[in-house]
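A.B. asks: Got a structure for you, written out below as structure tokens; questions coming shortly.
The values are calculated or read from the model by the stated rules, or taken from the named source; none is laboratory data. If you're wondering where the values come from, they're calculated on a predicted model, not measured in any experiment. Reconstructed Cβ throughout: ideal geometry from the backbone, glycine too, with neighbour counts over all protein chains shown. Just the protein is used for accessible areas: all its heavy atoms, side chains included, with ligands, DNA and RNA removed. Shrake-Rupley method; radii C 1.70, N 1.55, O 1.52, S 1.80 Å.
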Amino acid sequence: MLEKIWARHVVAEGPGGHVLLFVDRHLVHEGGTHALARLARAGRRVRRPDLTFATADHYVLTTPGAPAGDAETGGMLETLARETAAQGIAYFGVGDSRRGIVHVMAPEQGLTLPGTIVVCGDSHTATHGAFGCLAFGIGSTEVEHVLATQALWQRRPGAMRVTVDGRLGPGVTAKDLILAVIARIGAGGGTGHVIEYAGSAIRALTMEERMTVCNMSIEAGARAGMIAPDETTFAYLEGRPFAPRGERWQQALASWRALPTDPGAVFDREVALEAAEIAPTVTWGTSPEDALPITARVPDPARIGDPARRQAAERALAYMGLEPGLPLTAVTVDRVFIGSCTNSRLDDLRAAARVVRGRRAVVPAWVVPGSGLVKQAAEAEGLDRIFIEAGFEWREAGCSMCVGMNGEVARPGERVASTSNRNFEGRQGPGARTHLMSPAMAAAAAVTGRLTDVRTLG
Amino acid sequence: MRAFTRLTAVAAPIDLPNVDTDRIIPARFLRKPRSDEYARFLFHDVRFDARGAERPDFVLNRPAYRDAQILVTAENFGCGSSREMAVWALDAYGIRCVIAPSLGDIFRQNCVKNGLLPVILPAGEAAGLRRQLHECPGATIAVDLESRTVTGPDGRAYRFEIDPFARQMLLAGQDEIALTLGYERELRAFEERLEQELPWVVPGVGGRQPATS
Ligand code: SF4
């Protein structure tokens, strides 16, 4: 599949095995203002504003009823609105219900299509690969390059296949699946590769679940993850605002059906997991590869042979304030965050609400929907009431405490049960301690005040 | 873009694997326009304490390594977020080259776009260099992109591979946008073919693009 998508996007061959690749969708968020400003200073125009779409997610404040920006970030939002208007780029800004985390918004709008190349100045662009497209994050200089040329110089990455067969057990989700994959191959295991996820457990996932899986490809070091498009994909896309319609839809379908990898295709690397062996999973350290089943105990660095790994584990435990041997279910949490481009879609909120219903949060807990439309849909089902009655904060859409760029951070030393994707030191605020998990597991942690095996809650 | 040909400079060792770009530059600084101020943001939360005082144990705070222009790191340095500001911070501090057994893919590309040379060496060789830098703080390493060699403090030379495109861009200090705009004819031809063969790719061809507010 990678091969097929790659081949149809080559504009020109360049030096040293590099090719100039055409970009079908360029997604822009506030981070793009640096590049838009440089472009304007150089007097250059955006080559294909019709293939460029912008929204605001990283810096927008998510406090209900509050202004969207502070003195500094408000200026950034204004610049983004002004520059996109000047360049003729569609912008889903503050006040537009379509505004949301760029990796939630674009699929929701039908902008992400199979067989295309999607880029964005954000490493979680890997999310879009759930649709069977090649989607990867780029840096600020590359953003400027795509704005100016609608193309990128790239060398073909390696192809890796992760096959997950069988069925996920009760209480085990796509988040647990991808955390288990990362724990297996390591935070650098996919470096230089695009991961194609395959197998019966992957085929059985909904589009939202597939997005959760592909989203965290970058946590395994892979710049992109992808899943072959199938009827699930097509059913999700049909009728979305920017998806092709009528005759174009038929043409698109014919083209998409030819995309899946041919049987017998050879991958540079193959990894296989059994779905039935995956348990609800949480991270204990400061790298996403530090993931274990909730039934496990905090590992003992003294038992790690490799000195560099041992030192890293010791440092991680010191930062996380954890003792070796402690059962993970004995770890108390101070705060819960349900949101981020990994887990802020409607099904994620439903899964959390199912656990929360009739219970009360015993620690501060936030729910931050992935987009204005997710928020509306959740409210139409009454999910907001369930959360609010349980003492959760129901907030506006955005990245929020996934990264804390907008100032929404946890306090130093605070331990956060989070549905986001990175447990790096300081990710959710200086000194904040992050445990990654699924929405259901985060909801369980909110109502018990400690890491909890959601299967035991009944 | 600034060219890179060769450099002999003090090198600092970083032994921790998986150093992510959040650690290289915390998110709260990303809103700042690019300036010399970025030098202070580099490794901010591990380099300075909560009051802003230097942590004496952090490698770049030790006198011998202060003027480092080269980092020799462990596996997967620069993983995580795509933030190019991680490279801006390294650049503002004066780092011109990062030597590692592996680097985050996006980070490595961001280095090249900013005239920083990413060098991949086998894990054993990188570890050997770090050991020498610990043993002789302030020792220098020589890097030559023309001949693709790194020469350690002990005088031993290591050859490295780098993709020819990146090498050419770095040696020439080439502005990539200008290069690509030279392919205008190919771009145009591609776009015409796209509209013919895959008309569904462009939203709104035929006037169906939903209105945006
Ligand atoms: S939700 Fe988090 S990971 Fe996703 S785009 Fe926003 S900041 Fe990045």
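A.B. asks: Can you report the number of residues in segment A:3-17 which are farther than 22 Å from A:GLY115 by Cβ and touching a residue at least 60 places away in the same chain (Cβ under 8 Å)? Write out each step before concluding.
C.D. replies: Just the residues of segment A:3-17 that are farther than 22 Å from A:GLY115 by Cβ, to begin with: A:14-17.
Next, only the ones that are touching a residue at least 60 places away in the same chain (Cβ under 8 Å) stay: A:14, A:16-17.
Counting residues in segment A:3-17 that are farther than 22 Å from A:GLY115 by Cβ and touching a residue at least 60 places away in the same chain (Cβ under 8 Å) gives 3.
A.B. asks: Does segment A:148-162 hold any residues that are facing chain B (nearest Cβ under 10 Å) and under 19 Å from B:ASP163 (Cβ atoms), and which are they? Walk me through it before giving the result.
C.D. replies: First pass over segment A:148-162, keeping only residues facing chain B (nearest Cβ under 10 Å): A:148-155, A:157.
A:ALA151, A:LEU152, A:TRP153, A:GLN154, A:ARG155, A:PRO157 - these are the residues of segment A:148-162 that are facing chain B (nearest Cβ under 10 Å) and under 19 Å from B:ASP163 (Cβ atoms).
A.B. asks: Among (1) within 16 Å of the ligand (Cβ to nearest atom); (2) away from chain A (no Cβ under 14 Å), where does B:GLY104 come up short?
C.D. replies: (2)
A.B. asks: Of the residues A:HIS128, A:HIS145, which is facing another protein chain (nearest Cβ under 9 Å) and either open to solvent by less than 10 Å² (accessible area, probe 1.4 Å) or under 19 Å from A:ILE195 (Cα atoms) (or both)? It would help to see each step written out before you state the result.
C.D. replies: Numbers: A:HIS128 fails: facing another protein chain (nearest Cβ under 9 Å).
None of the others qualify; the one that does is A:HIS145.
A.B. asks: Any idea which residue in segment A:63-81 is farthest from the ligand (Cβ to nearest atom), counting only those that are assigned to a loop (DSSP other than H, G, I, E, B) and away from chain B (no Cβ under 13 Å)? Break it down into steps so the answer makes sense when it comes.
C.D. replies: Looking only at segment A:63-81, we keep the residues that are assigned to a loop (DSSP other than H, G, I, E, B), and these are A:63-70.
Okay, now just the ones that are also away from chain B (no Cβ under 13 Å), so A:63-68.
Details: A:THR63: 17, A:PRO64: 18, A:GLY65: 22, A:ALA66: 19, A:PRO67: 20, A:ALA68: 15 Å.
Only one residue tops the list, namely A:GLY65.
A.B. asks: Before we move on, is A:PRO260 modelled with pLDDT of 95 or more and open to solvent by 10 Å² or more (accessible area, probe 1.4 Å)? So that I can check it myself, show each step before the final result.
C.D. replies: On the way: modelled with pLDDT of 95 or more: no; open to solvent by 10 Å² or more (accessible area, probe 1.4 Å): yes.
In short, no.
A.B. asks: Considering only residues that are in contact with a Pro (Cβ under 8 Å, 6 or more places away or on another chain) and open to solvent by 40 Å² or more (accessible area, probe 1.4 Å), which ones fall in segment A:296-310?
C.D. replies: A:ARG297, A:ASP300, A:ALA302, A:ARG309, A:ARG310 - these are the residues of segment A:296-310 that are in contact with a Pro (Cβ under 8 Å, 6 or more places away or on another chain) and open to solvent by 40 Å² or more (accessible area, probe 1.4 Å).
A.B. asks: Can you tell which of A:GLY121, A:GLY139, A:GLY166 is at pLDDT below 95 and either away from chain B (no Cβ under 14 Å) or within 22 Å of B:ASP20 (Cβ to Cβ) (or both)? Spell out how you get there, then give the answer.
C.D. replies: Details: A:GLY121 fails: at pLDDT below 95; A:GLY166 fails: at pLDDT below 95.
Exactly one residue qualifies, and that residue is A:GLY139.
A.B. asks: Same structure, new question: Considering every residue within segment A:337-344, establish whether at least one is away from the ligand (no atom under 16 Å from the Cβ) and in contact with an Asp or Glu (Cβ under 8 Å, 6 or more places away or on another chain).
C.D. replies: So in segment A:337-344, the residues away from the ligand (no atom under 16 Å from the Cβ) come out as none.
Within segment A:337-344, not a single residue is away from the ligand (no atom under 16 Å from the Cβ) and in contact with an Asp or Glu (Cβ under 8 Å, 6 or more places away or on another chain).
A.B. asks: Here's another thing I want to ask about it. Right, A:GLY115: assigned to a loop (DSSP other than H, G, I, E, B) and in contact with a strand residue (DSSP E or B) (Cβ under 7 Å, 6 or more places away or on another chain) or not?
C.D. replies: On the way: assigned to a loop (DSSP other than H, G, I, E, B): yes; in contact with a strand residue (DSSP E or B) (Cβ under 7 Å, 6 or more places away or on another chain): no.
Answer is no for this residue.
A.B. asks: Tally the residues that are among the acidic types (Asp, Glu) and open to solvent by 30 Å² or more (accessible area, probe 1.4 Å), restricting the search to segment A:2-29. So that I can check it myself, show each step before the final result.
C.D. replies: Initially, segment A:2-29 is screened for residues among the acidic types (Asp, Glu), giving A:3, A:13, A:24.
Add one more test, that the residue is open to solvent by 30 Å² or more (accessible area, probe 1.4 Å), and what stays is A:3, A:13.
Here the count works out to 2.
A.B. asks: If you go through segment A:98-124, how many residues are among the polar types (S, T, N, Q) and in contact with a Ser or Thr (Cβ under 8 Å, 6 or more places away or on another chain)? Spell out the reasoning first.
C.D. replies: As a first pass, look at segment A:98-124 and keep what is among the polar types (S, T, N, Q): A:109, A:112, A:116, A:123.
Okay, now just the ones that are also in contact with a Ser or Thr (Cβ under 8 Å, 6 or more places away or on another chain), so A:123.
Of the residues in segment A:98-124, 1 are among the polar types (S, T, N, Q) and in contact with a Ser or Thr (Cβ under 8 Å, 6 or more places away or on another chain).
A.B. asks: Okay, next question. Would you check if B:LEU90 is open to solvent by less than 50 Å² (accessible area, probe 1.4 Å) and closer than 30 Å to B:ARG31 by Cβ?
C.D. replies: When the stated conditions are applied, B:LEU90 passes them.
A.B. asks: Can you find, within segment A:345-360, the residue that is nearest to the other protein chains (Cβ to nearest Cβ) among those that are among the basic types (Lys, Arg) and away from the ligand (no atom under 16 Å from the Cβ)?
C.D. replies: Let us first name the residues in segment A:345-360 that are among the basic types (Lys, Arg), namely A:345, A:350, A:354, A:357, A:359-360.
Applying the additional criterion that residues be away from the ligand (no atom under 16 Å from the Cβ) yields A:350, A:354, A:357, A:359-360.
On the way: A:ARG350: 27, A:ARG354: 32, A:ARG357: 34, A:ARG359: 32, A:ARG360: 32 Å.
Per the stated criteria, the residue is A:ARG350.
A.B. asks: Show me the strands (runs of 3 or more DSSP E) found entirely inside segment A:193-282 where at least 1 residues are under 24 Å from A:GLY370 (Cβ atoms) and more than 14 Å from chain B (Cβ to nearest Cβ). Break it down stepwise before answering.
C.D. replies: On the way: elements: A:193-198, A:224-226, A:269-274.
Filter on segment A:193-282 gives A:193-198, A:224-226.
A.B. asks: Out of all the residues in segment A:432-452, is one or more open to solvent by 10 Å² or more (accessible area, probe 1.4 Å), under 28 Å from A:GLY75 (Cα atoms), more than 13 Å from the ligand (Cβ to nearest atom) and not β-branched (Val, Ile, Thr)?
C.D. replies: No, because not a single residue in segment A:432-452 is open to solvent by 10 Å² or more (accessible area, probe 1.4 Å), under 28 Å from A:GLY75 (Cα atoms), more than 13 Å from the ligand (Cβ to nearest atom) and not β-branched (Val, Ile, Thr).
A.B. asks: Which residues, counting only those in segment A:148-182, are among the basic types (Lys, Arg) and open to solvent by less than 10 Å² (accessible area, probe 1.4 Å)?
C.D. replies: Going through segment A:148-182, the residues among the basic types (Lys, Arg) turn out to be A:155-156, A:161, A:167, A:175.
Hit for segment A:148-182 is A:LYS175, nothing else.
A.B. asks: If you don't mind, another one. Any chance segment A:50-64 includes a residue that's in contact (Cβ under 8 Å) with a residue 60 or more places away in the chain, out of contact with any helix residue (DSSP H, G or I) (no Cβ under 9 Å at 6 or more places or on another chain) and closer than 21 Å to A:ASN406 by Cα?
C.D. replies: yes
A.B. asks: On the basis of being touching an Asp or Glu at 6+ places or on another chain (Cβ under 9 Å) and open to solvent by 20 Å² or more (accessible area, probe 1.4 Å), does B:ASP67 make the cut?
C.D. replies: Numbers: touching an Asp or Glu at 6+ places or on another chain (Cβ under 9 Å): no; open to solvent by 20 Å² or more (accessible area, probe 1.4 Å): yes.
It is false that B:ASP67 is touching an Asp or Glu at 6+ places or on another chain (Cβ under 9 Å) and open to solvent by 20 Å² or more (accessible area, probe 1.4 Å).
A.B. asks: Select from segment A:82-92 the residues that are of a type outside the set (Asp, Glu), more than 8 Å from chain B (Cβ to nearest Cβ) and surrounded by 16 or more Cβ atoms within 10 Å (Cβ to Cβ) and list them in ascending order. Explain how you work it out, then say what you get.
C.D. replies: Of all residues in segment A:82-92, those of a type outside the set (Asp, Glu) come to A:82, A:84-92.
Adding the requirement that they be more than 8 Å from chain B (Cβ to nearest Cβ) leaves A:82, A:84-89.
The answer is A:THR84, A:GLN87, A:ILE89.
Yes/no matrix, rows are residues, columns are (1) within 14 Å of chain B (Cβ to nearest Cβ); (2) within 13 Å of the ligand (Cβ to nearest atom); (3) of a type outside the set (A, V, I, L, M, F, W, C); (4) more than 24 Å from A:ARG98 (Cα to Cα):
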| site | (1), (2), (3), (4) |
| --- | --- |
| A:VAL362 | no, no, no, yes |
| A:VAL368 | no, yes, no, no |
| A:GLY382 | no, no, yes, no |
| A:SER400 | yes, yes, yes, no |
| A:GLY404 | yes, yes, yes, no |
| A:VAL416 | no, no, no, yes |
| A:PHE424 | yes, yes, no, yes |
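A.B. asks: Continuing with the same structure: With the requirement that a residue be β-branched (Val, Ile, Thr), open to solvent by less than 20 Å² (accessible area, probe 1.4 Å) and outside any helix (DSSP H, G or I), what does segment B:106-123 give you?
C.D. replies: Matches in segment B:106-123: B:VAL119 only.
A.B. asks: Shifting gears a bit: Among A:VAL60, A:VAL46, which is the only one that is outside any helix (DSSP H, G or I) and away from the ligand (no atom under 16 Å from the Cβ)? Give the steps one after another, and end with the answer.
C.D. replies: Working: A:VAL60 fails: away from the ligand (no atom under 16 Å from the Cβ).
Testing whether each residue is outside any helix (DSSP H, G or I) and away from the ligand (no atom under 16 Å from the Cβ) leaves just A:VAL46.
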